[in-house]
Structure formats: structure tokens, C-alpha cells
Amino acid sequence: MKNILYVLLLMGVGFISCIPRPTNSQDKILAYADTLIRKSYYDSALQILGSVSPESLYTPASQARYALLLTQAYDKNYIRHTDDSLIRIAVKYYDNSKDESMCAKAHYYWGRVYQDNKDVIGTVREFMKALPIANKTQDYDLLCLLHSNLGTYCIHMDCLKKPIPYINKQNEWRVNIKIR
């Protein structure tokens, strides 16, 4: 009788070990893709992210990170964004998290999605949401991108005095980037 219970217990443990659960391997892949994007290997990052099955991402944090990284990789590879369903996952998650850096980045890339779809109001709204958050984090790369884009929009919309502060700030952030 003890042997049967022992065998059943081992079989139970064996079955439980076969149940899929969150793994660090997907998080490692996302971290590697993030590193590739930071080092400007955008095509390699896109290829790595293409190998990830979204269904294999079990936590909301992993899903949000994947959504943001994939949106970034598309953007950096000049692949036009056709809808905002992917970046919305990241924005929804990071708006409710304490990670201000990722929140600012998510809003910036949501603005880029709107920009690709020629939605000026949506673009400026998201860039303006990202700006104060990015200021808190002192992410000079992102601040440079935001000020550059906002200044360009002001020029195209004939706001003659408005682009100057954005262009000046963009130049200031570029100097800070070079100092690091």
C-alpha cells in the first residue's frame, strides 16, 4: 500500500512539473532585445522579438515590456504602425506602475503610432503626456526626441514663437547626452 502511494505521489509531482509556468527565459529574451535596441541593433531586436510567442508571456509586466519593445523595434526599423493595439497594452500597464521611465517611453511611442497614422492631435497629446514624466526621469535621449518632435510640429503648424523653446531644450539635451 505504501508503494502505491509513493508511486502516485511521484506521478503527481511529475505531472505538476509538466505544467507550463512563467519562465525566466522569456524575460531574458526581452532583456536581450532591450539591450539590442539600446545598442542600435534594431533589426536584430526585431528578429529576436519575432521569435517570442505572446502567449508565452504570463505576467502583465512581461506582456507590457514585450509590447513596448516590439513597438520600439518597429519604429526604429521604419515599419509603419497601422494601429495602436500593441502599444496600448504597454501604456495601460505603465500608467499604473511606478516605473516612470517606461511610462514616459510608452506615451512617446504611442505618440509615434499616432504620428505614423497622421493623427496630429493624438501625437501631440501623447508627446505632451510623456514630457513631464520624462523630465522627472532625466532620460535625455527621450527628452531630446520629445522636444525635437514637438518643435517640428510647432514649425509645421505655424506657431512661430512656440518651437523655439522646444528646439533650445532639444539642443540642451543633446549636450547632456554627449557629456555622459
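Please report the relative contact order for region 23-79, taking Cα pairs under 8 Å with a sequence separation of at least 6, and give it as a percent rounded to a whole number. Intermediate results must be reported in sequence, preceding the final value.
Details: 41 pairs, mean separation 22.8, N = 57.
RCO, region 23-79: 40 percent.
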Using R₀ = 22 Å, calculate the FRET efficiency as 1/(1 + (r/R₀)^6) where r is the Cβ-Cβ separation of LYS92 and MET128; round to 0.05. 0.75
Computed ³J(HN,Hα) along region 29-44: with the Karplus parameters 6.51/-1.76/1.60, θ = phi - 60°, integer Hz and x for glycine or proline, the list is 5, 5, 5, 5, 4, 4, 4, 4, 5, 4, 8, 6, 9, 5, 5, 5
Once a ≥ b ≥ c are taken as the square roots of the eigenvalues of the Cα gyration tensor of region 23-79, is the result rounded (a/c under 1.5), prolate (a/b larger than b/c) or oblate (a/b not larger than b/c)? prolate
Could you give the nm distance between label points at THR59 and ARG38, where each point is 7 Å from its Cα heading toward the beta carbon? 1.8
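Would you kindly state how much longer the chain becomes between ASP119 and THR137 on full extension, computed as 0.36 nm times their sequence separation minus their alpha carbon distance, in nm to one decimal?
Numbers: separation 18, 0.36 × 18 = 6.48 nm, distance 2.70 nm.
Separation in residues times 0.36 nm, less the Cα-Cα distance, equals 3.8 nm.
Only the coordinates and a few stated rules stand behind these numbers; no lab work does. All figures in this text were calculated on a predicted structure; none of them were measured in a lab. Note that we place each Cβ from the backbone using ideal geometry, even for glycine, and neighbour counts take in every protein chain shown.
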